[in-house]
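Structure first, commentary second.
Please treat every number below as a calculation from the coordinates, not as lab data. Please read all numbers here as calculations on a predicted model, not as lab measurements. Cβ coordinates were reconstructed from backbone atoms using ideal geometry, including for glycine residues, and neighbour counts include every protein chain displayed.
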Amino acid sequence: MENKEYQPVIGLEIHIELATASKMFCGCDAYHFNVEPNTHCCPVCLGLPGALPVPNKKAIEWTIRLGLALNCRILEESKFDRKNYFYPDLPKGYQISQYDQPFCVQGKVILKEGREIRIRRVHLEEDTGKLLHTEIGGKKCTLVDFNRSGIPLLEVVTEPDFQNSQEVDEFLKDLQRTVRYLGISDADMEKGSLRIEPNISIKTKSVKGKAQNDEELPLYKVEVKNINSFRFARKAIEYEIERQIEILQGGETPIQETRGWNETENKTVSQREKEEAHDYRYFPEPDIPPMNFTPEKIAEIKKQIPELPEKKEKRFIKEFKLSPYQVDLLIETKELADYYEEALKINGKIDGRKYSSPSEIANWLINRKVDIKTVSPEKLIKDLIASKEVTSVSEAEMSRIVDETLSENAQAAADYKKGKTAVLGFLIGQAVKKIGPQADRQEITRELIEKLK
Amino acid sequence: MNLNELSLTEVLEGIEKKRFSPQEIFADCQKRIKEVDEKTKAFITVIAETRNAIPFAIKDNFCTENIRTTASSNILRDYIPPYNATVYQRLIDAQFGLLGKTNMDSFAHGSSTETSDFFVTHNPWNLERLPGGSSGGSAAAVMADETIFAIGSETAGSIRQPSAWCGVVGLKPSYGRVSRYGVIAMGSSLDCPGPITKTVADAEIIYKTIAGKDPLDATTVDRSLVETSSFEPKKIRIGLAKEYLEVAEKPVRQKILEAAEVFRRLGCSVVEVSLFDPRYAISVYTILQRSEVSSNLARYDGIRYGSDRTYFNKENKRRIMLGTYTLSAGYYDAYYLKAQKIRTVICQDFEKAFEKLDVIIGPVSPSPAKRIGASTADPMFGEKEDVLVEPSTIAGLPAISLPAGFVDGLPVGLQIIGNRWQEDLILNLGKLFETETQYYKIKPKL
Amino acid sequence: MTKELTPAEVQHIAQLAKLQLSEEEMKRFQLQLTETLKFIAHLDEIETEKILPTSQVSGNKDVFREDVIRPSLTQEQALSGAKRKHQGYFVTEAIF
């Protein structure tokens, strides 16, 4: 009896818009979100006759930063290449990209459960312009805005090592966080500075009895586009897995194609363009000389990399004795993590009663949703200390208040004496109301118990 | 004396001595254009105003802000660039003034100026003859004294060959000496802007004005313009290119041999040198240039400027087709990659030759100017015509073409090829030759 | 390497190069391109196995620019060459 096991084989192609001030090959302002069309353009990014590209040093350094963070090998010699194809948003009729000598290759990331995801490459290219489909005078046409043309774009390609959507989700969230830590991009899917294209196929295993296990590698690959959130990425992958397994169960092979995620109908749809195999006719970009990266240069770039989330997480747990839950929230952004450590530093200079534990500070920060942009670490510590300060009340006054509380709540007092000790909390609360939120609960408790004897 | 007949050197001297003003020269050139340009048809666009500046003409593939720039193509017939080419900017910053844009082969695809989409330029020496190309308009304008000097560009022969056919001086600097920013691209790894002038001394002045690193062109080099320390003719070792002579027609060969004698008289040593067969260079150049052309012309889709791709002419389409093929999947290794490897062989061949020699001389073109209509004969006309200049272009070497006499009333050009970055040496040698021979004094009657 | 180009290949190249060719042009280019390929076939005679390709004769390496913003063209300048424009955009045929 032959049973078939279906195992998803998933790879990712991720594009990240770098947050450099200027574009990749020219000095135009790289900011293009909600900007008047075609106002951040020049002969170079418009592809005017005679224009020439000159590469942005920072964009290249940032590419290598990410490659190093992903444990890649940095090629000693690399270059740019021309990728030739026609499309209205591609002004030169070719995209300057990298083909066979990208900046970074052969990296890896290890997920929480231990699965290793290999990074095939990280390379740098330029973004295209934006197309808008509309109607003018009743006739359909396409509008083009080249503000985005020439923005530096990182491309990260993984090997097809993912086996399910949860792994992809974890990887993507970690990647987003790392990119933000490195300060190279805001990696925002809604703004389009982080774009994901998963490719999904299914590996079929024939389990013949106990003896043979034949594994058939997938003979096809389906690319999915038009995904603009992590949630949709998960859904699209899950949908595809199901769709493909169904086809395989029917004895057919899914078609190799590109499909688009339709978020209103929650499914992928075949993008039935003429699927001509693209012949990009790559050749080395003659306008840009090749680049060399010596170990010294790479070491310089490595120095610019801050402590990354994985390492920070381990350190926070060990040094500050925090729970994984607390740490997860604190290291969500580098700014928050740095803020927290700054607050710890300030706290560290205080002794005695006013000293708070790292965990206390963490909880204060988390639970009170402190806005770190407006509240300085000094203020945070001040507030925390203030919250622990008790409103001082004289012995006589305390005695009076407790007496008052007991007489106003005679039933509760009686219950307590009968043995319902839980009622004490209620009585403490009543006394606190009379003093204020900074009432010394310990003192109140002692006084109540004394008087209830 | 008509001031337009002066050389740049004479103009600069005259202005300094206050014998005349730049404006007068500018006006005289404009007058000359009105007189003879309907015969030579060197200009596409002529500036109307008379400027108080030493006038020059520039090939119409150099972008000039707010002034029509067509590359002699119907695609860019009405194109007005919003920016200046660096070479043009440097000239106007140096107080030179634009007379007009000169005719060329459309997108520089040719060696005749016959494939211009607008009209053919006529050789001032014989109006039934071609001026050569692709900088034919610039060369004709200089020879006809319609301008004091001009600017051209060379991808393989496009400065040297029309200079030779028109009897003027043309300098192709080393690749990387002069910025390509703003020059409508043909072969990106080959294109070199350069001066076309009446004398070698003039060429030197303009070269020094336009050369130098440009932050807008990553392939320009940061090197001193002075490369050789001293110039002593008796110490110069000249190689006479054997294979180039063999390819040339007999009368042309004769002129070159005479030129070699001149150098010997001046004290230089001249020996024969055998170089890598230039005919292979034709194929290497054809592949590299057409491949890069196919990519460089992909931007002409008519959306942002110009007209759409149906406006390309036969020659444009032919080159794009071949270039697309040689880069395509399955053929890249056999063609483009192979051509780049043989490029290495050609570079190494020159390196070896320059171990024992300082410069190499030879003919520029196998024949003098051909008749109008000749370029339509062969689908590889341009590349075959340029056989003698392609090897040095492929290696990025500097070279100058200067008049070396006449054959049947048509000028013959001698080329002096130098080692990389040694423009100063070939200019010095050129100056020596022209002072001795004085061919620049002979002008056609128009 | 001496190839005869087929009409299908010529058609394919024209498509890749986004050139619309007439019947006559197709036939003419088929002949001319084949002729050219036959000519350049002599490069096979040269042994290049151990030779590295040269793609840059300038000798330059590591040429970059700093990440500094420089003035752009105005919207008017950027659109100045276009035959069709609309509210600051370039206009082209509808895609799909």
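Computed values, structure above
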read-out: Placed amide H near A:K203: partners under 5 Å, 5+ positions off or other chain; value: A:Q7, A:V9
read-out: Where no second cysteine Cβ lies under 4.7 Å, the cysteines concerned in chain A; value: A:C26, A:C28, A:C41, A:C42, A:C45, A:C141
read-out: In the stretch A:56-87, the GluC sites (Glu not before Pro) that fall in loop regions by DSSP, at most 16 other Cβ within 10 Å; value: A:E76
read-out: Local electrostatic count at B:R19 - Lys and Arg +1, Asp and Glu -1, tallied over other residues with Cβ under 11 Å; value: -2
read-out: Distance from the stretch A:1-68 to the stretch B:367-446 (C-alpha centre basis), Å; value: 46 Å
read-out: Theoretical FRET efficiency, 1/(1+(r/R0)^6), r = Cβ-Cβ of B:N2 and B:T435, R0 22 Å, to 0.05; value: 0.40
read-out: Charge-dipole axis of chain C as Lys and Arg at +1 and Asp and Glu at -1 on Cβ define it, positive-most pick from C:I46, C:Q77, C:L31; value: C:Q77
read-out: Among B:A353, B:A164, B:A334: highest mean-square fluctuation, GNM of chain B, C-alpha pairs under 10 Å; value: B:A334
read-out: With 5 Å bins from 0: P(r) over the stretch B:321-446, alpha-carbon pairs, percent; value: 2, 9, 14, 16, 17, 15, 12, 8, 4, 2, 1, 0
read-out: Within 10 Å of each Cβ in B:282-293, the average number of Cβ atoms from other chains; value: 3
read-out: Gyration tensor (alpha-carbon) shape descriptor, the stretch B:72-197, a/c threshold 1.5; value: rounded
read-out: Selection from B:G170, B:F231, B:T199 lying farthest towards where the dipole of chain B points positive, charges on Cβ; value: B:G170
read-out: Cβ charges +1 (Lys, Arg) and -1 (Asp, Glu), total dipole of the protein assembly as shown, debye; value: 920 debye
read-out: Surface/4 of the Cα convex hull for the stretch B:3-441, nm²; value: 19.1 nm²
read-out: DSSP-assigned coil residues among GluC sites (Glu not before Pro) in chain C, each with at most 15 further Cβ atoms within 10 Å; value: C:E4, C:E47, C:E49, C:E66
read-out: Cα-centred dipole magnitude for chain A, charges only on beta-carbon of K, R (+1) and D, E (-1), debye, nearest 20; value: 1080 debye
read-out: Cβ-based charge dipole, the stretch A:395-452, positive-most Cα from A:Q438, A:V402, A:G419; value: A:G419
read-out: Cα centroid separation, the stretch A:422-453 to the stretch B:101-156 (Å); value: 103 Å
read-out: Sequence-distant lysines (8 or more away, or on other chains) whose Cα lies within less than 19 Å of A:K434; value: A:K388, A:K451
read-out: Per DSSP, loop chymotrypsin sites (Phe, Trp or Tyr not before Pro) in the stretch B:5-109 with at most 16 further Cβ within 10 Å; value: B:F20
read-out: Distance between the stretch B:217-234 and the stretch B:164-187 - C-alpha centres, whole angstrom; value: 17 Å
read-out: Under-5 Å amide H pairs with B:L240, H placed in peptide plane, nonlocal only; value: B:V271, B:E272, B:V273, B:I361
read-out: A:L52 long-range amide H proximity, modeled H, under 5 Å; value: B:G182
read-out: Helix-only mean residue ellipticity at 222 nm for the protein assembly as shown, each DSSP H run of n ≥ 4 adding -39500 (n - 2.57), per residue, nearest 500; value: -11000 deg cm²/dmol
read-out: Geometric extent, Cα atoms of the protein assembly as shown - Rg, Dmax (angstrom); value: 37.1, 135
